[in-house]
Amino acid sequence: MIKVATFNINGVKARLPRLLEWLQETRPSVACLQEIKSQDEGFPIQDIEAIGYKAIWHGQKGFNGVAILADGVEPVEVRRGLEGEPEDEHSRYIEADVFGLRIACIYLPNGNPLPGPKFDYKLRWMERLRKRMREISAEEVPAIVTGDFNVIPEDKDVWSPSAMAADALMQPESRDAYARLLGDGWTDALDLHNPRGGVWTFWDYQAGAWQRDHGFRIDHALLSPEVADRLVAAGVDKEYRGREKSSDHTPVWVQIRD
DNA sequence: ATGCCAGACAATGTCTGA
């Protein structure tokens, strides 16, 4: 069984104890991290290797940054960054082959405030992502595109649709772009296993959101048809949101038959 | 209407985020 997880870590250096304990307690085969908020040279690879993982990462000063960790084997990097905007220097995409799977780890732009350049960038980035995902589909490799999509797919995926109505995460344009990915043949694994919704992956640090369970679902795992056929389970490691110095996201995982 | 909270950077505040 292969377990592929994603975790928006919100600062890999500030969160290192949480990351290491999560890896050791849940032992995912592959762990995709977002918002490492570290330059390449500051990534704590020694601590990660000390507990048996190998990794590739794409860092950036101060914010963004993504990484793919694998239990005992080095992920083979396929690409970093998306095509289409050569001037875009945000570290938001890294892709690798590992355990016979193509894994893409993404940190999709938030898009707030809107309207404005950040929302425009989000929508352009989603179209660039779609183009890459269609290329992966054409390869017909078993693939998982996972990470922080910064899209609340449907009203059932948020504690209060009205409270979030003006947010970039649930604008019709954001949702339509996400729906187009699914329309291309990708399966939202967590949604498949929780069709009635009510499953959150993010709770804001502010306004007591965690205590009030004011969360929403923005961390996703999209499966190619070759992987969807092998899906055994999907879930959220909710308890990690309640720990000391936690990220504002929880890990999301899928289990895939060998 | 705004900030709430948090991390990084390199201040003792600013930027960024969701």
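Readers should treat all values here as calculations from the given coordinates under stated rules, not as data from a laboratory. Computed from a predicted structure; not experimentally measured. So basically every Cβ, Gly included, is an ideal-geometry build from the backbone, and we count neighbours across all protein chains shown.
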Subject >> Residue that is surrounded by the fewest Cβ atoms within 10 Å (Cβ to Cβ) [pool: residues in the range A:22-39 that are under 17 Å from A:Ile68 (Cβ atoms) and within 11 Å of DNA strand B (Cβ to nearest atom)] >> reply: A:Lys37
Original post:
From A:Glu127, A:Glu85, which residue is out of contact with any helix residue (DSSP H, G or I) (no Cβ under 6 Å at 6 or more places or on another chain) and more than 21 Å from A:Arg175 (Cβ to Cβ)?
Top reply: A:Glu85
Subject >> Residue that is farthest from DNA strand B (Cβ to nearest atom), among those in the range A:1-21 that are surrounded by 24 or more Cβ atoms within 10 Å (Cβ to Cβ) and over 18 Å from A:Gly59 (Cα atoms) >> reply: A:Val4
**OP:** Go through (1) in a strand (DSSP E or B); (2) closer than 15 Å to A:Thr146 by Cβ and name the single condition A:Val227 misses.
**Re:** (1)
Original post:
Quick one: would you say A:Val232 is touching a helix residue (DSSP H, G or I) at 6+ places or on another chain (Cβ under 7 Å), touching a residue at least 40 places away in the same chain (Cβ under 8 Å), of a type in the set (A, V, I, L, M) and surrounded by 12 or more Cβ atoms within 10 Å (Cβ to Cβ)?
Top reply: no
Subject >> Checklist (1) within 11 Å of DNA strand B (Cβ to nearest atom); (2) touching a His at 6+ places or on another chain (Cβ under 9 Å); (3) within 22 Å of A:Cys32 (Cα to Cα) applied to A:Ala207, failing item >> reply: (3)
**OP:** Name the residue, out of A:Arg130, A:Arg180, that is under 16 Å from the mean Cα position of the chain (by Cα), surrounded by fewer than 19 Cβ atoms within 10 Å (Cβ to Cβ) and not hydrophobic (A, V, I, L, M, F, W, C).
**Re:** A:Arg130
